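Okay, structure first, notes after.
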Amino acid sequence: PSPHIAPRSRSSPEARHAGEEIVDEAATPSPQEKGRPPPLELTAGKRRGGSRRRTPSLAPSGKSGHSDMQVMEPVAEHDVNDREKVVHWLNGVPADDQHDHDYHDFFGGETSWGLAVSGEMEELLEGLCRMAALGISDFLDRRFESVLQSRDHRFETTSLGGIVFSTMPISSALMRPPFQLFLLGSAAVLWMAASTGAMLYEESIAGHAFGPYKHYRIETLLTRNGTQGARVSSAGVSEFGVIGHSGCSPAGSIGALKSDPPSIWKFAGASMVATYPQGVGMSGWYLHTSAQEGSQDLDPAFFNVWATNADFDVGDGSCAKPKATRDGRWWEGSAKESETDWCGARWQRVGAPQWRYTTQGSLWDWLLTSVAVTRARGRDGLESFLLKPPWYHFYLYWDIPNFTVGLGFVGSVIVAIITYFDKRRKSFWLPKPHSILMFFLTLTAFSVTAHAISTGVDGVFHLALESGFTGFALWFLPPIGRLQGYSGPFRGLVLGLLGTYAVLENGAWAALCSYFWHNPFSRASAGGLLGLTLFLMTLLVRWAAVWSSKKTLRKDQTAYDTVWQTVWSTEEAKATIRDISRICRSSFKDATTSQQKRCFQHNRLRLNESQFQDFTSPNFTSQPLNSNQYNSAQLEMGSQHSPRNAPTHPLFTDLRLFTQPLLKDEKERVTSCNQLYCQAAISNLLLRERIKEWADSSHGFFRGEDTKNADGRVNLIKWRAVKNDPTKACKVQWTLMKRHRRCLEKLLRSYQLHPSRLLDIARECIVFDSLEHIALCLKAIASDENVVVERIKNRMRNDYDPSETAGYRDICINLRVVNHSAQALGVELHVCELQLLLKAFADLKTDDGQMRYMQARNASGN
C-alpha cells in the first residue's frame, strides 16, 4: 500500500507482528507515562504471578506505545549491543538518538488505492517493509534451509523413540549421546576385528599356516558313494603330504623350493598318516587318489586333516576306526571337532576340503561340506589344497568392510559433535554427518559385492555365495541416507529398511550355516547382529516413548473424561450435541466430508494476459471456469466478495503479474515459511475482527491478561460485556501465533518438510459456558460470507474417540478470511485455525498440564 495514509482511527494496543517467542520480561514503566518505548530487558527471566508470561522477544514498538509483537527471532542473549541495534532498527529509531526521537502513534486510514487499514495493520505492514529493507525478511526460510542441510539441530527435540519417525532421522539420531556411544562402541569392536584379521592373514602369508608338526593325518569321513562313519574302511588315497612355503606339491617343486615327500606313510583304518621326523610347517596339502581302477566310489568326499607332535601307536588298529554316527549325519562327532584323541595322541585339526576365514583366534574356519575330487587314478589323480589365499579373498570381505563401517561411525559422530557446538556455523565446509555415514556404508556394500564377483570368477563359489548374500542385504542400508528429508507418506521407512537388512542378513546367514555346518545357529553374523540390535533397540525405545507419553497424560485424560461425562449426563446436553453434529454436517458439508483429507496452503493461480482481461471484463459471468484453460482452479463466486470487486494495486498491472483473489492453484502450494508467517500475521488481525462478532452474537469469552483468578480458574472476559469499554477490552489476551520453533518441529516430525501443511500459525480460540452457545457460534460462522470453512473437526460428537487427544475435546475449524481486505492484502487463501472450547475444559488447561502435554508430545515424536 501507498505510504500516504489518511488518518482513520487510532490503533488499539493489541497489535502484533509476524512471529512470537516465549521470553521472560521484567516489568517496565508504562510507555504512556514515559513518552517513549520501554527499554529492552536483557536480564534473567522473572516470574510474574507464579507463571511464565508469553511476551515478544523484541522490545515494544515506540510508535504504537504498547505492543507485544515480534518480527523476527531474538538475537543471541549475550550479544547485547547487536540485539539493541536490531530492536531500534526495526522500530525505526537510531540507537544513538533513541531518547530524542519524536514518537508517534499509528492511526490507520485509507490508502491511495482504496484499501482501508487499521492502526494495527498499518504498523504490521510497516514492520514487514522494514524487514525487507534490512534484508532479513527471509530469515525463517534461511533457518529452515540450514535445518534441511543438517546445520541447525535446535529443533530436533523429539525423544529417541520418535526420531525414527521424523523427517530427518539420521541427523537427529547422530546428535543424541546414547546413539553416539553405541556407534563409537560398535566402531571399536569392528576396528579390533579388522586389525586382528589383518595380522592373522599377514602372518599366514609370510610363514606357514600351521606347524611345524611331525605327523599329519588325513581321515576320510564320507566317500563319493555316501559311505560314512564306521563303515569307511580306508582313506581312499594312495599318497598324502603337506605343501611347504613354496606352495607346490613335490611333483611341481623346483630347486631350493622343492618340497620333500614324507619319510613314512602309514595306513590305519580310514586314515593315512604322513610322518616328517624333523617336523615341517604346512601351507597346504596334496593327495593322490587310489591307484586301483574302478575305486572312484571310494574317493574321499569329506575329510579332516590332523596334525600332532606326539608319538602315537596304532596297535591292532582298533583305535584307528572312525567313530560311529547316526545314519546320514556324518558331520557329527569328530567331523566338527577342533581337537581329537587318536591312537594315544592328541591331534589338532589343520584342514578340511573347504574353508572360509575368520578374525577370531584363527584365520581358518573349516566347513562341513563335501567336495568331488578328480576321477583320475594314482599319480594322475592329484588334488592340491593351498592355504595361501589371494589378498582380495580376505580383505574385500573380512577386513575392509569392518574398517569402513567403523570409519563411517566415528566420522559421522565427530562431525555431528563439531556441528552441534559450532554456534557460528564456521564448519559449513564439513560434509553432513549422515552423508559421511552413508558414504562409508556404500563403500562397504561395494567392497562386499566386489568380493562376491572376484571369488566367483576364481571358482570359489562357497565364498561367493556368502558375500553375495551379505552384499545384497547391505545394499538396503545406503538408501537410508536418501531418506534424510524424505517427504513421502510412509513414516518410519528408515526403521523398515533397517529391519529389512537385519532380517535378510540374519536369514541368509542362517541358511548358509545350515549349508556350511548343518546347523542354522552354529555361527552369528556380526553385521546382522549389529543391525538386529539397533532395530530391536529402536522398537523398544519407541514402545517405551509411546507408553511414557500415554502415562504422562493419563491424569489429564481422566480429568477431561470426568468433565465430559458431566456435560453429557443430561438429555438436553445430548440433544444439543446432536444438534451441533447436524450443524457441522449440513452447514459445513464440504468441510465435514473432507475432514479426513489433508488441507494445504495454496498460492493464487497466475493468469496470462488474455485470461486476465477475460476475467476482469464486465461481461464475465460466474459460470464455472474451463478446467483446461484455468488449470482446474476453483473460483468461489456468487457473493459480494467477487474477485472483480476487490481493490488491485497498480503495481501488479505494471509488472504484468496477473493473479486474482480466490483463484486457488491446486498444483502450487506455499513452500516458503516466511510467506506463511507474513500471511498469518495479516490474517490473524483480520480473523480477530470476525471472532469478535461471532463471540458477541454467541456469548463467547476470551482469555484475560491474568492467567488465573483467585480460585485458580482461567480468567475469561465476556466480549459482549467489554466490547464498548476500551479499558476493559484491552485486557483481552489474544492468542499468539504459533512459535517458529514449534512450526519447524512439526515440519520435521509430522509434515514431511511441507510448509503448506501448517494450518494453525494464525489461530484463535473462543470459550463458551454452554453447548448451546457453541451451536449459536457455528450458525454465525456458517452465515458469515467473510469466511470460507475448509475443514472442521468435531471432537464433541458422541462417536469421537477421546484417546486420540488424551480426553481433550473441542471443535477445531480451519477457515479462510475472504473479505475485501483479505483479497487486497493477498491473504484470502491463507488457512487459519479457530477452536471452540467449553469453559469446563478451559479451566483444566493449566501450566503443569501444558508441560505434561509437551513432554508427551516430545516423547511420542508428534
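The values are calculated or read from the model by the stated rules, or taken from the named source; none is laboratory data. Everything numeric here is computed off the predicted structure, so don't read it as measured data. Cβ atoms come from the backbone with ideal geometry, glycine included; neighbour counts cover every protein chain shown. Surface areas here come from the heavy atoms of the whole protein model, side chains and all, with no ligands, DNA or RNA. Shrake-Rupley method; radii C 1.70, N 1.55, O 1.52, S 1.80 Å.
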Inset, instruction - Could you check the simple spin-label distance between Lys551 and Cys599, using points 7 Å along Cα→Cβ, in nm with one decimal? - result: 3.6 nm
Legend entry - Per-residue HN-Hα couplings for region 239-248 [Karplus 6.51, -1.76, 1.60; θ = phi - 60°; Hz; x = Gly/Pro]: 7, 8, x, 9, 9, x, 5, 5, x, 10
Legend entry - Sites Arg375 and Ser263 - FRET efficiency at Förster radius 45 Å, r taken between beta-carbons, to 0.05: 0.90
Inset, instruction - Quick one: what are the phi-derived ³J(HN,Hα) couplings along region 753-758, Karplus 6.51/-1.76/1.60 with θ = phi - 60°, whole Hz, x for glycine and proline? - result: 6, 9, x, 5, 8, 7
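How much FRET efficiency would the formula 1/(1 + (r/R0)^6) give for His462 and Arg585, where r is the Cβ-Cβ distance and R0 is 60 Å, rounded to 0.05? The partial results should precede the final answer.
Working: r = 68 Å, r/R0 = 1.14.
Calculated transfer efficiency: 0.30.
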Inset, instruction - In nm, give the distance between the simple-model label positions of Arg669 and Glu332, each being 7 Å from the Cα along the Cα-to-Cβ direction. - result: 6.3 nm
Legend entry - Mean Cβ neighbour count within 10 Å, used as a protection proxy, ranking 444-452, 570-578 highest first: 444-452, 570-578
Inset, instruction - Please report how far the C-alpha centroid of region 718-794 lies from that of region 672-698, rounded to the nearest whole angstrom. - result: 8 Å
Inset, instruction - Return the long-range amide H neighbours of Leu222 (sequence gap of 5 or more, or a different chain), with a cut-off of under 5 Å between placed amide H atoms. - result: Ala301, Phe302
Inset, instruction - With a/c under 1.5 counting as rounded, go ahead and sort region 707-850 into rounded, prolate or oblate using the C-alpha gyration tensor (a ≥ b ≥ c being the square roots of the eigenvalues; past the cut-off, prolate if a/b is larger than b/c, else oblate). - result: rounded
Legend entry - Computed lengthening from Lys845 to Ala132, 0.36 nm per intervening residue step minus Cα-Cα distance: 252.8 nm
Inset, instruction - Kindly identify region 296-358 as rounded, prolate or oblate by the Cα gyration tensor criterion: order the square roots of the eigenvalues as a ≥ b ≥ c, call it rounded if a/c is under 1.5, otherwise compare a/b with b/c, prolate if a/b is larger, else oblate. - result: oblate
Legend entry - Among the listed pairs Lys266/Lys321; Lys555/Lys845; Lys779/Lys845, those beyond 23 Å (Cα-Cα): Lys779/Lys845
Inset, instruction - Please turn the phi angles of region 399-407 into ³J(HN,Hα) values with the Karplus equation 6.51 cos²θ - 1.76 cosθ + 1.60 (θ = phi - 60°), one per residue in order, whole Hz, x for glycine and proline. - result: 10, 4, x, 4, 5, 5, 5, x, 5
Legend entry - Residue pairs, from the table Lys551/Lys793; Lys692/Lys738; Lys432/Lys664; Lys574/Lys746; Lys551/Lys723; Lys551/Lys692, whose Cα atoms sit over 32 Å apart: Lys432/Lys664; Lys574/Lys746; Lys551/Lys723; Lys551/Lys692
Inset, instruction - Go ahead and collect, in residue order, the members of region 221-244 whose backbone nitrogen is under 20 Å from a label point 7 Å along the Cα-Cβ direction of Ser384. - result: 237-244
Inset, instruction - Please work out how much length the chain gains when fully extended from Glu804 to Leu655, using 0.36 nm per residue of separation minus the C-alpha to C-alpha distance, in nm with one decimal. - result: 48.7 nm
Legend entry - Probe 1.4 Å - accessible area at Glu339, Å² to nearest ten: 80 Å²
Inset, instruction - Quantify, in whole percent, the carbon and sulfur part of the accessible surface of region 277-381 (1.4 Å probe; protein heavy atoms only). - result: 42 percent
Legend entry - Simple label model, 7 Å out from Cα along Cβ direction - Glu203 to Ser569, nm: 8.2 nm
